[in-house]
Each structure stands twice: as C-alpha cells, then as structure tokens.
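Encoded as structure tokens, the structure appears first; notes follow it.
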Amino acid sequence: MTDPTEQPCSCCHPDAAGGQICRVCRNPGTLVPAITVESLVTPDRRIRLVSSDGFSACRTPNCQVTYFANERNEYIDKADLAVRIGVKETDDPAPLCYCFGWTKRMVDDEVARTGTSSAVCEITDRMRATGCACEVTNPSGRCCLPDVQAYVAHAAERAAMTNSLVPSTPDEHQTLRPRS
Ligand SMILES: [Zn+2]
C-alpha cells in the first residue's frame, strides 16, 4: 500500500495507458475521451468545467475522485456524475455494462442459479447487432467487456468457494474437555 502522507511527486507522469496518477489514492488512471466527461457529468458540474480534455479516470473502488486533470488541478468527484460508477459501488444497482444494462447483481443471481453468466455472450451479440455507445455511457469511456469478463470470473470463483465450504464442526468440546 502507498503511504497517504507521502507528497505526490509523480502526479503528472503519464502511466503506460496514458493516464495520470490520482493524487488522492495514488493509483494510475486511464485517459478518457472528452465526450465521455461531457456526457456523464451533471449539468451543474459541466458548466464549471475548465476543459473536458485530458482527463484521466480513477478506477479505485473506494476513491471519491472520478476524473482528474492534475496539470490544471481539476477534479471531478463521484457525486458530480449523473450515473452510478460500477467499479465504485457495491450496493445495487452497480452497473457493469452501461449500454445494455447489466448489473453486478444480475451476474451474481445468474451465477448462483447456473454457475456461470451469459453476460459476456449477450453483450457481444448485441454489440455486433446494434453497436454500443461506451464512449458516452461508460464512465471509463471504454468498452465494458474486460470489466464484465473479470466480474463474471470473480462471481464464479466466489460461488465455487461458497459451495465448497464445509460447515465447520466445533471441536471445542473435545479440546476443552478436561482429561479423564
Ligand atoms: Zn483515486
């Protein structure tokens, strides 16, 4: 973990994906297109934007920052977005796919019933049929599929773990029982 008291020194150094380092959580962000920021911030916040260019998206689950541009000290909080940000939400509904409406709960429910999820196939099919609009619907400004794939794998792993859990048998009676 990073030391929160440490002074930021590499904020403006772009990471491999072209994003900057979030000054609040110190994790690297990913560059987002201007149209994503313009489409998803609340109207109130939009009129106060210095610029919509050059923002990076922070994807750290517990960080309140959504978009940031360190060089001009511009930060957009989670609360300034008109949509819920799936990676920063655990409560329902936590969106996974913004174009076709998949949530974490929908994947969880399907995995619980069937052991897997049709989300990736369904989204891929619909993308082929109608195209998607990730750039203006997904806060990351990118295709949701890698996130959906990761979440399905995570949900399946969690379900498998739950199923393999054997109820623990308390053996305190034995260990606490005075020796005869
Ligand atoms: Zn952050």
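List of remarks:
- Residue in the stretch 123-138 that is of a type outside the set (A, V, I, L, M, F, W, C) and under 15 Å from Gly86 (Cβ atoms) present: yes
- Scanning the stretch 97-106 finds no residues that are within 16 Å of the ligand (Cβ to nearest atom) and farther than 25 Å from Ala160 by Cβ.
- Qualifying residues in the stretch 15-39 (those that are more than 14 Å from the ligand (Cβ to nearest atom) and more than 15 Å from Asp53 (Cα to Cα)) - the one modelled with the lowest pLDDT: Ala16
- Within the stretch 64-115, restricting attention to residues that are assigned by TED's automatic domain parsing to the domain that holds Ile21 and among the polar types (S, T, N, Q), the residue that is surrounded by the most Cβ atoms within 10 Å (Cβ to Cβ) is Thr66.
- Restricted to strands (runs of 3 or more DSSP E) entirely inside the stretch 28-121, those with at least 3 residues that are over 24 Å from Gln149 (Cα atoms) are 65-69, 74-77.
- Candidate set: the stretch 40-79, residues that are closer than 23 Å to Thr90 by Cα and hydroxyl-bearing (Ser, Thr, Tyr); chosen: the one nearest to the ligand (Cβ to nearest atom): Thr60
- Test: residue in the stretch 77-100 that is on the phi > 0 side of the Ramachandran plot and not β-branched (Val, Ile, Thr): no
The values are calculated or read from the model by the stated rules, or taken from the named source; none is laboratory data. This structure is a prediction, so every number in the text was calculated from the model and none was measured. No Cβ is skipped: glycine too gets one built from the backbone with ideal geometry, and neighbour counts run over all protein chains shown.
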